Each structure stands twice: as C-alpha cells, then as structure tokens.
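Just below is one structure, and these are the notes that go with it.
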Amino acid sequence: MNDSPERKFSAIGPRGLFSSIGVIALSQLVSGHALANEPGEEQLFRAEAYDASEQRTDLAIDKTMEGSCGEGKCGEGKCGEGSCGSNMRMDELAMVMNENKDNIPKDCPQISEDIKLTVKAGREYSLGHNGTIFGFDANEWRVSPCSRITVTFINEDQVRHQWMIHGLPKYLYPQGMYHMELNGEGQVTGTFIVPSNEKNYLVHCDIAQHMEKGMKAQLVVGKGDGNLPSIPGISGAYIPPAE
Amino acid sequence: MVVVTLLAGLLGACDKATYEPYKEPPPSIKVEQGEVQAFCPETIDPTWREAQTIAGVEIQESRLCLPDNPSDIAAFVRGTNNLTMTQLMGTQLSTDALVKGRDLDGDGDPDEIHIRLEVVELNGGSPDSSDPMTTFEIAPGVKPGFWAFAPKTRGMATENFESNVANSMLRLPSPTIRVEQGDKVTITLENSHYFPHTIHLHGVDHPYVKENGEGNDGVPQTSGPMIMPGQRFSYELQPRHAGTMAYHCHVQTGAHLLMGLIGLFVIEENRPNNPVQTFNIGAGHVRHPSVAVRESYDREYDLLYIDTDTELHNIIRSSNDVRKIAKSMNREYKLSESTPDYFLLNGRSFPYTLRESIIVTAPDENVKLRILNAGTSMLALHTHGHKPTITHYDGVELAEAAQVTRDVIMVGSAQRVDLKLSTHNDGLHSYGEGIWLYHDHTELGITSNNMMPGGNIATIVYESYLSPEGMPKTQGVSLMPYFSPEYYQRKVPVWSASDPDGQLGEPQGE
C-alpha cells in the first residue's frame, strides 16, 4: 500500500503567486512549523485568534483516511464519497479514491495480468466528436478479467477533470467506485483490480455536464456485456423500454 | 292608469316569456393534489442552526429550515489552506478553492486572497434521460436550467451516489464574495462549462489591465479574449472603496447573466482582526459578519433578486449538441419577446423562500440588508410592518439627510441598495413583532407560472413567531397546498384548503 506511486507533476501552470503560497504553506504545515519560512519564501498568515495547535499534518500523498466521518455517515458526501473504511490520497493537485493494489476479488483465483493504461483528458480530445466540448483520448479500454490495471491519468486542461469508474463490486470498492481527480493540468497514477465477470463498466467525469458533453467512456472486461449508451464514437442515446 | 299599464307589461299579458328547462350545474370535484412536501425536509442536521465556534470562527445562530453548514463557514473565513484535513473533508471544497495569504498591513487578518471559481450547470440535460441532471429546484417541481459560479469543489457534482440533486455548493444564486477594503485579491475563473465565460467586476475598483498587461475587465469586446471551456484566467484587484457591488459574466450578457452568472461582491471596511467570510453560498443570512457590520448591526442578509423566462432556461435541455444549444440561445431566442414566469429571491420562489430567505429578527435590533436587483425590470421592494432606511445606493453611503425611510424601495436593474431595518417598535420603523411579508410590489414579481402566491415573497419573522425548525408560526390559511408541484402547474383551485364544501372549487367537466 505504501509503494511510492508513479506520480509526477507536470508544470504547476500559470497559477500565479498565491497558489505557490498555498503549496509552500502546506509543506510547512506538514513539518508542523507553519510560521518558519525559508529565505525568500512567503510566510503563511496565522492570526493569534486562530488555534495554532490545529495544523494540517497529513497531506503527504500516502495518507490513508479510515472512518474519519464517524458512524453512519458513509458516502453521504460530507467526507467525500467512499470515505469510511476506504482509502483516499489527496494533495494540492490530485486525488485518488478506493485504490486497490493487492486485494484480489473473491471470484478471482489470482491476478491474471498487469495492465498499464494512459488516459488523457481535455478539450482537445473532443475535436474528433462533433457536438462535444471535452473528451478522453479514447472512449473504450479492453482488459482481461481479474487483471490489475494501473491508470496514469493526464489532464491537459486548466480545469478539473476526473476519471471515475462505476459498477465495481461494493465489498471491495465503497459504492462500487474507483475515482481519480486532477485539480488542473498534471497527472496522477492509481491502480485497481477488476473481478472475473465480463462486463462493460461506465467510466466518466462527474463534473456537471462533462459526461454529457463528451467525457463518457467504457472499460470492457473480457467480451463485456453490451455497449453503454451515448459513448462518443461508439453508441447513441439510451432507448427506454417500451411501456 | 299608468300603474295598470306598467303592471300589465310586467306580467307579460301580451307575450309570454319562455325559458330553458332547469339544468343542474355540475358538482365540484376534488382535484388530487399529489405529493405535498413537508415545510422542512428532515435531512437537515439540527445542530447546524446553533450558534457555535468552529476552528476559532464565531458563527451566528441561524434558525432557518435550511441554515448554512457551519463547517463551510469556518472554511470560508479561514481559507482552505488553513484547515486540518478533517475540517477540509467536512466541506466539498477543493484544496485550493480559497487560499488566504499574508497579513500585509499587520492588522491581524490576511490581506492576500486567492479565490477559485468554476461554472456549474444546474438542471442540465442528458441524451439518456428526460430528467434534468444535477438538479436545483426553485419551486415545487420546477427545475429550469441555470448556470452559476461556484467555489472550486472536489468529487461528485451531486450530493451522493443515489441522488441527482446538486451538492450544496452548487446552487443559485452565485455566491456573495466578500473581501476587505485594500485586500490584494485574485479571482481565478476555471471555466469548467461548455461555453465561454468571463468575470466582470461591477462597481468594484479594479484596474483595466493587470500588471502584466492582460485585460482585467472581463469584457470580450474591449478587454481581452473570452475564457474558453477548459481554460482558466485570473483577475487581480485591490479595491480602495468599500460597498455592496456585483460580479457577473460579460459574454452574451443578456443570456448568461439571466441564466444565473451574477452574484453580490461586497467590499467590507478595513478593520483589525477582521478575516471575512469570503463566500456566502446561496446569499441570505451572513453567519460571520464583518467587524464593521457588527459595530452597527445585529444581523446581516444578502438578498439577490432575479427573474426567469423558462423559455431561455430550457434551451440547455433542447439538445445535447453544444453547437445547437449555442445557436438556439445566441441566435434564435429573442430577449425582446421574453416573458418572465418565475421570480427568484436568493435562487428560490415562494414557498421555498420561507426555508432559506426569512429575515429572522427580534425587537430593538438593527438588521443590514444588501439588495441586488439582477433582473430585467424594476424591483419595488415592500416590507410589511416596517419602514427601512436606505443607507447606500450602489455601495456608496448616502449623506444622512439623503437617507430616506420608506416602505417601497425601488431598485433598478443591476442597482444595489443597502437598507437599515430597525425593529424598534415606534410605529414607524417597526409596528411590533409578527410575521411580516416582504416582496416585490410589481404584482408580476409575486407570481410563479402566473399563479399566486409565488415569486419572491418572503417574510420578516420575529423570533417569538418562529418554530425551532425555522417555520413561521402563521395563523392564516395552511401553507401546505403551496408545497406541491400541482399548485404551480395551475391545477388546484386556489381556495380549496379554506373551502371544504367546494363552493369555489373545480366544476366537473371543465
């Protein structure tokens, strides 16, 4: 669980002076001495009125949050989806939830293979799909049952994007979800393991209207169980069953 | 002789009148009202209403049905960079949504403020469903499409997995932004929407260009390019003057502003030890008012009025092709033929205004009201039971002799008015405790889909008339019929709750 993940910042981007303050402040807080500053670095403001003993000490990327929301609050949005016995790692740029590197699904005798995917997201990838505005560089990935998939998710826009997969077994992934999010341009890597059933999993970005306007895709395990609707380049709109 | 002639005429002695056979008029039928919502949904955590201090931030009591989440308020005062992980996880904000930096003038509060905003679409469409997505209901059953600015968030747009309802950060109106006079403010718009947008600071002191020469006014025709989908741009300002101002999108302004991309922008007077509540989500009650406001007022409310022509707002669901939506909105919809049919106060119509936009007060208080008319026509704001005093026009304080006290206050489009509402029972400023309506007196403003009561009706409620769950203890007709979609679909005879025999009810066969 604590292998150092392959994760790189590409350029922080033109975020300006003040976001640098934020990044530096966070790292200072990790060390527990928020008010000390290196020569030339901005000092984080801390008013006397604030409780100086409350400092963020846990922003290192491998922090695991267990049940931090208390009883009965799983998945209610207050602590973020999937918290409560799940894991999440998060920092200034990226968030990965429900990563699973070695819990083999109970219907798999072993991991069948290790697959590495690279997924790019951004407005540029909508160019091949008329009528959309955002996109992934591919709208379908094919993997084998019981494979361990390591995704490097790259955001090439200056806004938030996500790579979120639904429908995984809930005993292993809270709410059946595995989620990667980037606050802006950059990349992050995470891993999950699929069970043996041959199924099409929905993959999308959940920011309002990003899925509808191009960021919808599917992960096909084995032969899959049929295309999901409205995947750019692959399928059209959902046809509801006749009354 | 004259009398006999008259009588003969009356009795029809010459020609006999005929009549139709008696036909019994149809009976009144009971109209099914469908599901009537509760005044206050039970999902709210009642501890949110209490006065409390979180992370060193004092938060006023808020006895509304839907109070602001105190954890969010603490985050908005401290900044997302000044929270513990647990505190940040108690909100939906991204790590960089609000970064507060150094105290430049040494007066005990941060003066470098970096705000990050995104653009969210509410009640949008989907090719796979006829239901709206990421929903925000303005009145029972009413969900026209809207756009709003929102602080940068993380995770899902909906409140949880099973729900289609937008999470609490994503709503109308765009949040009130508060900064202190003299703060060095950077506002970064990260355009997460599928159309281009900008931010124009209305009434807020800002230079025409930034230090690096880039345009800073947010007007595509003069100042700089639009922020395209997927792009970000930062605006920089250090406002020299305090006051109630506004910010809004200046791309295709007639449509984008009315779609919801407008909010209050308040510059508070500079005081020591005055970290302000940078966002007031959904406007309304300010639970952590600034030091300057606390000097003269007991409570503060932000009030944003806007009107809605559902024909414009439903264009976003007419197609999933962004080009068709653009064509329909920019080149086919006619603003000159617009007929507004919903009128919102802080993003809701009556009766939902009663859940969030009640002005709660008590005797002998001074309440500060900051009003922005973001709508297309004049607002004639009337307060029952009180005559407030106008203290500021467009954020500029009026000379004392010019501060008029009256009970209908006119506010033109994009104008702001600051009011001092005194609850001193002298027969002029206040007539005493009670539940006193406040609403637009241009009668159209109190309708929803041409049904009354609706529109921007809300109430000033004295604490003695308020239940612990934020429901005004009214003594008139039941308010419950208004909490059903059928009422605003014009299906329900309006007096049915007071008319058990149906004498004014729905005649059968209509």
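The values are calculated or read from the model by the stated rules, or taken from the named source; none is laboratory data. Keep in mind it's a predicted model, so treat the numbers as computed, not measured. Ideal geometry is used to build each Cβ from the backbone, glycine not excepted, and the neighbour counts take in all protein chains shown. For the accessible areas, the whole protein counts, side chains as well, though only heavy atoms, and no ligand, DNA or RNA atoms are used. Shrake-Rupley method; radii C 1.70, N 1.55, O 1.52, S 1.80 Å.
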Residue count, region B:132-156 (criterion: over 14 Å from A:ALA208 (Cα atoms), of a type in the set (Val, Ile, Thr) and open to solvent by less than 10 Å² (accessible area, probe 1.4 Å)): 1
Extreme residue, nearest to A:SER112 (Cα to Cα), among residues of region A:195-236 that are away from every other protein chain (no Cβ under 12 Å) and not in a loop (DSSP other than H, G, I, E, B): A:VAL221
The one condition in (1) within 18 Å of A:ALA121 (Cα to Cα); (2) free of Cβ contacts under 8 Å to residues at least 24 places away in the same chain that A:ASN183 fails to fulfil: (2)
Qualifying positions in region B:48-84 - open to solvent by 20 Å² or more (accessible area, probe 1.4 Å) and more than 30 Å from B:GLY108 (Cα to Cα): B:ARG63, B:LEU66
Hits in region B:180-197 - residues which are farther than 18 Å from B:GLU211 by Cα, more than 10 Å from chain A (Cβ to nearest Cβ) and part of a loop (DSSP other than H, G, I, E, B): B:GLN181, B:PRO196
The one condition in (1) buried (at least 19 other Cβ atoms within 10 Å of the Cβ); (2) of a type in the set (D, E, K, R); (3) more than 8 Å from chain A (Cβ to nearest Cβ) that B:GLU159 fails to fulfil: (3)
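Collect the residues in region B:89-103 that are part of a loop (DSSP other than H, G, I, E, B) and either open to solvent by 10 Å² or more (accessible area, probe 1.4 Å) or closer than 19 Å to B:GLU118 by Cβ (or both), keeping them in residue-number order. Spell out how you get there, then give the answer.
Start the filter on region B:89-103 by keeping residues that are part of a loop (DSSP other than H, G, I, E, B), which leaves B:90-92, B:94-97, B:101-103.
Scanning region B:89-103 gives B:GLY90, B:THR91, B:GLN92, B:SER94, B:THR95, B:ASP96, B:ALA97, B:ARG102, B:ASP103.
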Some residue of region A:162-174 being buried (at least 21 other Cβ atoms within 10 Å of the Cβ), in a loop (DSSP other than H, G, I, E, B) and either within 14 Å of chain B (Cβ to nearest Cβ) or touching a His at 6+ places or on another chain (Cβ under 6 Å) (or both): yes
Hits in region B:316-331 - residues which are in a helix (DSSP H, G or I) and out of contact with any Gly (no Cβ under 7 Å at 6 or more places or on another chain): B:LYS324, B:ILE325, B:ALA326, B:LYS327, B:SER328, B:MET329, B:ASN330, B:ARG331
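Between B:THR134, B:THR91, which is touching a helix residue (DSSP H, G or I) at 6+ places or on another chain (Cβ under 8 Å), within 22 Å of A:GLN162 (Cβ to Cβ), of a type in the set (S, T, N, Q) and at the interface with chain A (Cβ under 10 Å from one of its Cβ atoms)?
Values: B:THR134 fails: touching a helix residue (DSSP H, G or I) at 6+ places or on another chain (Cβ under 8 Å).
Being touching a helix residue (DSSP H, G or I) at 6+ places or on another chain (Cβ under 8 Å), within 22 Å of A:GLN162 (Cβ to Cβ), of a type in the set (S, T, N, Q) and at the interface with chain A (Cβ under 10 Å from one of its Cβ atoms) holds for just one of B:THR134, B:THR91, which is B:THR91.
One line per residue, one yes/no per condition, for (1) at pLDDT below 95; (2) of a type outside the set (D, E, K, R); (3) surrounded by 14 or more Cβ atoms within 10 Å (Cβ to Cβ):
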site: B:LYS387; (1), (2), (3): no, no, yes
site: B:HIS429; (1), (2), (3): no, yes, yes
site: B:LEU437; (1), (2), (3): no, yes, yes
site: B:THR447; (1), (2), (3): no, yes, yes
site: B:GLY455; (1), (2), (3): no, yes, yes
site: B:ALA458; (1), (2), (3): no, yes, yes
site: B:TYR462; (1), (2), (3): no, yes, yes
site: B:GLU469; (1), (2), (3): yes, no, yes
Members of region B:277-328 that are under 26 Å from B:TYR438 (Cα atoms), among the charged types (D, E, K, R) and in contact (Cβ under 8 Å) with a residue 60 or more places away in the chain: B:ARG287, B:ASP298, B:ARG299, B:GLU300, B:ASP302, B:ASP307
Test: residue in region A:223-232 that is within 30 Å of B:LEU117 (Cβ to Cβ), outside the structural domain of A:ALA121 (by TED's automatic domain parsing) and not β-branched (Val, Ile, Thr): yes
Residue satisfying condition, being open to solvent by 20 Å² or more (accessible area, probe 1.4 Å), within 30 Å of B:GLU311 (Cα to Cα) and not in a strand (DSSP E or B), within set B:PRO207, B:PRO173, B:PRO225, B:PRO229: B:PRO225
Test: residue in region B:259-276 that is outside any loop (DSSP other than H, G, I, E, B), free of Cβ contacts under 8 Å to residues at least 40 places away in the same chain, buried (at least 24 other Cβ atoms within 10 Å of the Cβ) and of a type in the set (A, V, I, L, M, F, W, C): no
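I'd like the residue in region B:224-274 that is aromatic (Phe, Trp, Tyr) and within 26 Å of the chain's Cα centre (by Cα) and, out of all such residues, is nearest to A:ASN155 (Cα to Cα).
Start the filter on region B:224-274 by keeping residues that are aromatic (Phe, Trp, Tyr), which leaves B:233, B:235, B:247, B:265.
Subsequent filtering for residues that are within 26 Å of the chain's Cα centre (by Cα) retains B:235, B:247, B:265.
Details: B:TYR235: 23, B:TYR247: 29, B:PHE265: 32 Å.
Top of the filtered list is B:TYR235.
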